[in-house]
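Report on the structure given below.
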Amino acid sequence: MSTTSVMTSPTASPAGEAEAPGPTPEVRFGPAANAGTFRRYVRETSLLVGRSMRMIPRVPERLFDVTLQPIMFTLLFLYVFGSAIDVPGMRYQDYLLPGLLGQGLAFGVMGAGAATASDFSSGVVDRFRSLPVTRLAVISAQVIGQMLEQILGMAIVLGLGLALGWRPDLDVAGFFTLAGLILLGLFAFTWFGVLLGMTFRSPEAVQGVGFATLFPLAFLAGTFVPIEGMAAVPRAIAQWDPISALVAAVRQVCQGTDSSGSWQLEHPVPAMIGWCVLLIVVCVPLALRRFDRTPAAN
């Protein structure tokens, strides 16, 4: 699509005198203009999200990290380690599954980062930059598309957990609280993944950095074994591990289980909200700035 600019110039009158140019078109500001800008942003974002969703049937392996990985984690830890791990006062299914949900929020970093790095390195983002599309719509579509994929992974974990005997203790208010925490966590950690993908611009590098960082934090977060039984050094790290707040918050909402230790373990829901808000405040402006300054792919 090309745009045509119309330039006006003074025209000569029959007497040879130049006529004054016509009035300058009025530039409108206010609620109507703002509403039009917002509608354009929503329309562009929805189109780009649709493009991302249409790629899934063509490249189904991009969903392996949100489908096969949660299934393997659930089966391995439930049937291989579950028989050897004793959690006082509760069944291991009821301990493990909320932990996997909390861990899955943080692991969304790798999927979002790898997809963003792939789009940058393949030149897809450069094509979007050549179109009259707002920069926020491009990044928002990336975030929303990755969140939809992560929600699919969460649904698989929930369904598999219920089939394997997990029994969450949720009422209506608890269900909506859990849904809100999951959406907030996905939103925050997906933005972090997008920023990571813009920084490294290589899916392999993002995966390497993500696994090297998130795997130790996930194992220290009380996802699979109680933090109280750890040695002094890993226990001190685990008590302030950001993923510990996610795991403890989901476990408290789902099972009513309280944790002890650091402030964030004793107040996991406010701690989780605080970590997520911090990530959003830091990562969103950095990602937008990085998007403007990132050079085109060769």
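The values are calculated or read from the model by the stated rules, or taken from the named source; none is laboratory data. All figures in this text were calculated on a predicted structure; none of them were measured in a lab. Cβ placement follows ideal geometry from the backbone for every residue including glycine, while neighbour counts extend to all protein chains displayed.
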When region 236-266 is checked residue by residue, the ones that are crowded, with 17+ Cβ neighbours inside 10 Å and not hydrophobic (A, V, I, L, M, F, W, C) are Gln239, Asp241, Pro242, Ser244, Arg251, Gln252, Gln255, Thr257, Ser259, Gly261, Ser262, Gln264
Is one or more of the residues making up region 225-235 at pLDDT below 90, of a type in the set (Gly, Ala, Ser) and assigned to a helix (DSSP H, G or I)? yes
If Asp169 passes every condition in (1) acidic (Asp, Glu); (2) part of a helix (DSSP H, G or I); (3) surrounded by fewer than 19 Cβ atoms within 10 Å (Cβ to Cβ) but one, which one does it miss? (2)
Residue match in region 195-202 (condition: more than 21 Å from the chain's Cα centre (by Cα) and not in a helix (DSSP H, G or I)): no
Given (1) free of Cβ contacts under 8 Å to residues at least 24 places away in the same chain; (2) within 26 Å of Arg91 (Cα to Cα), number of the condition Ser244 does not satisfy: (1)
Just give me the residues in region 247-264 being free of Cβ contacts under 8 Å to residues at least 40 places away in the same chain and more than 23 Å from the chain's Cα centre (by Cα), in sequence order. Asp258, Ser259, Ser260, Gly261, Ser262, Trp263
Suppose we filter region 75-111 for residues that are among the small types (Gly, Ala, Ser), more than 19 Å from the chain's Cα centre (by Cα) and assigned to a helix (DSSP H, G or I); how many remain? 3
